[in-house]
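Here the structure comes first, spelled out in structure tokens, and everything after it is commentary.
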Amino acid sequence: MLKLEPHEARSYPDKSPTRYAFDDSELAITQSLQDVRYQELSASVQAFLSLLSEEQRATVLLPFDDPYRTRNFCYVLARCNEDYVLRLADLNAEQKIALNNVLMKSFSGAGYSRAIETINNEWLIEEMENAHRADPEKYPTVGSPLVPNWPPPPQRNAPNFYIAFFGEPASMEPWGLRFEGHHLSLNLTFGGEGEQPTVGVLPMFFGSSPTIVPASPEIAEGESNPYPLWQAREGQQILHREAWLGRSFLQSLDQQTLKNGTWSELPDVVLAGGAEVPLDAVSFLEGEKVGIAVADLSELQQSLLWEFALEFLSMQANHHIDLAAVEADLVNSRVWWFGDIEDEEADLYMRVQSDRYLVELLQSNTFGVISEVASNHVHASFRDLTNDWDYDALGAHLDEHHHPESAHLSEHQH
């Protein structure tokens, strides 16, 4: 851990003193913003669960220490084809509305919107892959160095996204939720120690292919259009902003500084450490350069890097995260990169790693329909190297409320 002092900290709203009277059965109860938001989320979870059949409830409610809570990300499509927990496709319209209410209250507006964009993007990908099936010479596909000859799956299915709850939601015990599917993994873990429990918001993963929606096929006048979504979304972008912010930071560095953080090669489609559970991030640095020390950079350069990280953190509800603490930690991080920092449509890998956090972004020309945009597939993740999925929540709870022996045993259940 570097000992250099960070630049002057930004001012963030102090969450703890914000309190007001809330009338409940003629009793004035003083609560914090976190209290109110947690109770509202808990109520939405209970409302969703009340709409499920007994069979669905048995599928979606899992023990807190169930292995699925901390399993590898399902962001690579091949890992999402198994029958994990409850799928969107298993829900009726009323249940879908209730589930979306849970997601809307779990994350920020940006986070909820990104989740919906990612789900809906599956239909766009299917249209693009249909163009390949109709004319493979005009719309060829690309795989990856590990899978050079890649045939698209026979059918995309946007409802193949999954929801699971771990532990008893809104109880005094630790509990959490996980919502994920192709190119998406969102996780929340609540400590369960009261009305305002601690919250773990990591890990989170986002992906997009395409990142920039390319030109759609031309349709002759009078012919039916098999690509209406593709045509309507030409030019739209998902995760291009994150890649641009990463490049903006890298472009602010001089050549010698950049050399200190040059990564050895462009990782494959799976992030270099972004899917391991648990993650030994230090092991991925063996044989790599020392990295760019953020503490040695100018205030402007640190601000550019912080804006890159903030783009991910903005997916979370602001009452769930301590922005000042994360920023202070990232000042003591190091940065690695590989690729083209000038061309926004070229390959890029960027890695920001401290003792506590790991942020990764990978832009590459992999697994998709080839278009005028060269590298049109982005994966990105934000992880807590010490407490992904709030690993210590169950052990800490047992240690405080039950028996130390049980807490010790719980460490081996993860």
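Among the criteria (1) surrounded by 14 or more Cβ atoms within 10 Å (Cβ to Cβ); (2) at pLDDT below 95, the one LEU258 does not fulfil is (2).
Inside the stretch 343-372, residues that are among the acidic types (Asp, Glu) and over 17 Å from THR211 (Cα atoms) make up a count of 1.
Listed conditions (1) without any contact (Cβ under 8 Å) to a residue 12 or more places away in the chain; (2) closer than 23 Å to SER314 by Cβ; (3) among the small types (Gly, Ala, Ser) are all met by SER252, apart from (1).
For the stretch 254-305, the set of residues classified as assigned to a loop (DSSP other than H, G, I, E, B), in contact with a strand residue (DSSP E or B) (Cβ under 9 Å, 6 or more places away or on another chain) and not hydrophobic (A, V, I, L, M, F, W, C) consists of GLY261, SER264, GLU265, PRO267, ASP268, GLY273, GLY274, GLU288, LYS289, GLY291, listed by residue number.
Given (1) part of a helix (DSSP H, G or I); (2) surrounded by fewer than 21 Cβ atoms within 10 Å (Cβ to Cβ), where does PHE308 come up short, assuming only one miss? With respect to (1) part of a helix (DSSP H, G or I); (2) surrounded by fewer than 21 Cβ atoms within 10 Å (Cβ to Cβ), PHE308 is out only on (2). The selection criterion, being of a type in the set (S, T, N, Q) and closer than 21 Å to ASP254 by Cβ, does not hold for SER283. Counting only residues that are part of a helix (DSSP H, G or I) and either of a type in the set (Gly, Ala, Ser) or touching a Gly at 6+ places or on another chain (Cβ under 6 Å) (or both), the stretch 86-122 holds 9 of them.
Residue check: is GLN34 modelled with pLDDT under 90 and not hydroxyl-bearing (Ser, Thr, Tyr)? Before you say what the answer is, go through the steps one by one.
On the way: modelled with pLDDT under 90: yes; not hydroxyl-bearing (Ser, Thr, Tyr): yes.
When the stated conditions are applied, GLN34 passes them.
How many of the residues in the stretch 194-249 are in contact with a Lys or Arg (Cβ under 7 Å, 6 or more places away or on another chain) and farther than 28 Å from THR386 by Cβ? Break it down stepwise before answering.
Pass one, the stretch 194-249, residues in contact with a Lys or Arg (Cβ under 7 Å, 6 or more places away or on another chain): 202-203, 206, 213.
Those left that are additionally farther than 28 Å from THR386 by Cβ: 213.
The total comes to 1.
Would you confirm whether or not the stretch 46-63 contains a residue that is within 21 Å of the chain's Cα centre (by Cα) and either buried (at least 18 other Cβ atoms within 10 Å of the Cβ) or at pLDDT below 95 (or both)? Within the stretch 46-63 (the criterion being within 21 Å of the chain's Cα centre (by Cα) and either buried (at least 18 other Cβ atoms within 10 Å of the Cβ) or at pLDDT below 95 (or both)), the answer is yes, since at least one residue qualifies. Applying the criterion of being buried (at least 17 other Cβ atoms within 10 Å of the Cβ), closer than 17 Å to ASP388 by Cα and among the aliphatic types (A, V, I, L, M) to the residues of the stretch 263-285, the residue that is modelled with the highest pLDDT is ALA281. Counting only strands (runs of 3 or more DSSP E) wholly contained in the stretch 123-219, the ones carrying 2 or more residues that are at pLDDT below 95 and farther than 17 Å from MET315 by Cβ occupy 162-166.
Of all residues in the stretch 67-95, those being surrounded by fewer than 17 Cβ atoms within 10 Å (Cβ to Cβ), over 20 Å from SER42 (Cβ atoms) and modelled with pLDDT of 75 or more number 6. Which residues, taken from the stretch 105-118, are surrounded by fewer than 18 Cβ atoms within 10 Å (Cβ to Cβ) and out of contact with any Asp or Glu (no Cβ under 7 Å at 6 or more places or on another chain)? GLY109, ALA110, SER113, ILE116, GLU117 - these are the residues of the stretch 105-118 that are surrounded by fewer than 18 Cβ atoms within 10 Å (Cβ to Cβ) and out of contact with any Asp or Glu (no Cβ under 7 Å at 6 or more places or on another chain).
If I filter the stretch 206-251 down to residues being farther than 30 Å from LEU300 by Cα and of a type in the set (Val, Ile, Thr), which single residue comes out as surrounded by the fewest Cβ atoms within 10 Å (Cβ to Cβ)?
Of the residues in the stretch 206-251, the ones farther than 30 Å from LEU300 by Cα are 209-210, 213-235.
Still in the running and of a type in the set (Val, Ile, Thr): 213, 219.
Values: VAL213: 23, ILE219: 13.
It comes out as ILE219.
A Cβ distance below 7 Å, combined with a sequence gap of six or more or placement on separate chains, defines the contacts here; from the stretch 313-330, residues that are over 25 Å from ASP296 (Cβ atoms) reach residues that are among the small types (Gly, Ala, Ser) and in a helix (DSSP H, G or I) in the pairs SER314/ALA110; MET315/ALA110; MET315/GLY111; GLN316/GLY111. Got at least one residue in the stretch 291-304 being among the acidic types (Asp, Glu), over 15 Å from ASP355 (Cα atoms) and in contact (Cβ under 8 Å) with a residue 60 or more places away in the chain? The answer is yes; a qualifying residue exists.
The values are calculated or read from the model by the stated rules, or taken from the named source; none is laboratory data. Just so we're clear, the structure is a prediction, and the values are computed from it rather than from any experiment. Cβ sites come from the backbone with ideal geometry, for glycine too, and all protein chains shown count toward neighbours.
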